[in-house]
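**Q** Below you will find the structure I want to go over with you.
The values are calculated or read from the model by the stated rules, or taken from the named source; none is laboratory data. For clarity, every value in this text was computed on a predicted model and none was experimentally measured. Glycine also receives a Cβ, built like all others from the backbone with ideal geometry; neighbour counts cover every protein chain displayed.
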């Protein structure tokens with residue numbers, strides 16, 4: 001670090017303000033927007049899921065909680081702890097509790113501070129870990145050690161970073177477009193298969209083709225070690241993942257297994273939440289129970305992998321969406337799952353031929369996705385490396 005640089009506690013060179021504890025029961029569909037921790041995404045404010053309040057519901061002057069354009073905010077709780085975001089518009093917003101605002105003093109450039117805080121996200125998560133709910137305190141934030149060069153040097157570093165990040169971000173955007181195009185190429189081909197059905201295709205409800213069940217909806221007592229208890233969280237876009245499950249007793253498992261006897265080769269489908277309709281084939285022989293998950297047993301009438309591909313198509317997604325019920329936690333019920341309309345060739349041989357084509361294209365797509373995702377990851381690492389050099393005084 002250069003000789004004319006100082007190390008300061010962040011609280012010495014920057015004021016910090018917590019948000020106001022707005023009550024969720026007063027949230028409305030219109031009024032003044034309130035920024036919560038969930039709105040801090042990708043170093044910006046995502047206002048797509050914003051809530052509103054009516055100031056008349058509060059007997060308090062709320063002006064000190066107003067967020068101004070270019071204000072720098074931080075999430076202080078939850079999964080996004082340490083994430084920062086800038087308010088880039090002149091839209092009037094209010095600061096909710098567990099969202100903090102930085103107000104740099106005259107010796108600290110705001111953009112210099114922003115870049116410094118980007119380097120602190122992982123450390124902030126580490127500091128806040130240990131409790132059930134990650135939590136970063138005002139004191140912890142004020143105690144951050146910030147390297148502080150003279151103000152002209154801060155501005156010089158900011159100019160270098162802006163230029164470097166502009167190039168990195170443009171390259172990253174191109175890679176993200178290529179990644180999106182690779183995924184859409186496969187989805188388009190998959191859609192084409194089920195749009196242009198042959199003359200020998202038929203359509204039947206899923207329960208007329210195979211046995212359809214659902215897992216328990218109970219919440220048993222969990223134990224440290226025992227039988228894995230699989231939920232919709234274990235059904236991923238890339239397949240079935242039994243990691244990070246909770247565990248139940250053998251007695252509870254036997255009770256649930258009578259209802260839904262999961263076996264190798266069965267298909268699981270999420271029935272609840274944002275990923276409802278997501279499917280995966282059981283490719284392990286481990287014993288486990290399921291909750292809020294549909295179970296589609298193997299059948300001689302249809303190839304299980306052909307069925308899996310259809311359930312991943314846009315047509316299946318539309319059916320799940322149209323048949324979902326509920327409010328904040330939408331779900332698709334067992335009756336709707338059993339009535340799922342499934343088009344398929346009567347010939348198992350034709351089903352197999354379609355699977356082979358889809359498997360080949362899927363493999364090519366995954367190779368492309370891996371290449372583009374690696375490029376995106378490398379660019380993120382490059383950005384981190386440039387930032388680390390900046391705050392070591394090496395730019």
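**Q** Run down 23, 83, 28, 91 and say which single residue is modelled with pLDDT of 90 or more, farther than 23 Å from residue 105 by Cβ, surrounded by 15 or more Cβ atoms within 10 Å (Cβ to Cβ) and in the same structural domain as residue 108 (by TED's automatic domain parsing).
**A** 83
**Q** Right, something else. I'd like to verify a number: residues in the range 360-394 that are touching a residue at least 24 places away in the same chain (Cβ under 8 Å) and in a helix (DSSP H, G or I), how many?
**A** 18
**Q** Applying the selection to the range 185-195, what residues are closer than 14 Å to residue 367 by Cα and either exposed (fewer than 15 other Cβ atoms within 10 Å of the Cβ) or in the same structural domain as residue 318 (by TED's automatic domain parsing) (or both)?
**A** 185
**Q** Looking at (1) free of Cβ contacts under 8 Å to residues at least 40 places away in the same chain; (2) farther than 21 Å from residue 113 by Cα, find the lone condition where residue 20 falls short.
**A** Residue 20 satisfies every listed condition except (1).
**Q** Now for a separate question. For the range 300-350, list the helices (runs of 4 or more DSSP H) that sit wholly inside it and hold at least 1 residues that are exposed (fewer than 15 other Cβ atoms within 10 Å of the Cβ); which are they?
**A** 314-322, 334-338
**Q** Taking the range 276-287 on its own, how many of its residues are touching a helix residue (DSSP H, G or I) at 6+ places or on another chain (Cβ under 8 Å), surrounded by 17 or more Cβ atoms within 10 Å (Cβ to Cβ) and part of a loop (DSSP other than H, G, I, E, B)?
**A** 3
**Q** Restricting the search to the range 197-233, which residues are touching a helix residue (DSSP H, G or I) at 6+ places or on another chain (Cβ under 6 Å) and in a strand (DSSP E or B)?
**A** Residues satisfying the conditions are 212, 214, 216, 227.
**Q** Just one of (1) outside any strand (DSSP E or B); (2) touching a strand residue (DSSP E or B) at 6+ places or on another chain (Cβ under 8 Å) trips up residue 73, so point out which.
**A** Failed condition: (1).
**Q** May I ask you to list the residues in the range 255-275 that are part of a loop (DSSP other than H, G, I, E, B) and either modelled with pLDDT of 90 or more or under 14 Å from residue 217 (Cα atoms) (or both)?
**A** 260, 261, 262, 263, 264, 265, 266, 271, 273
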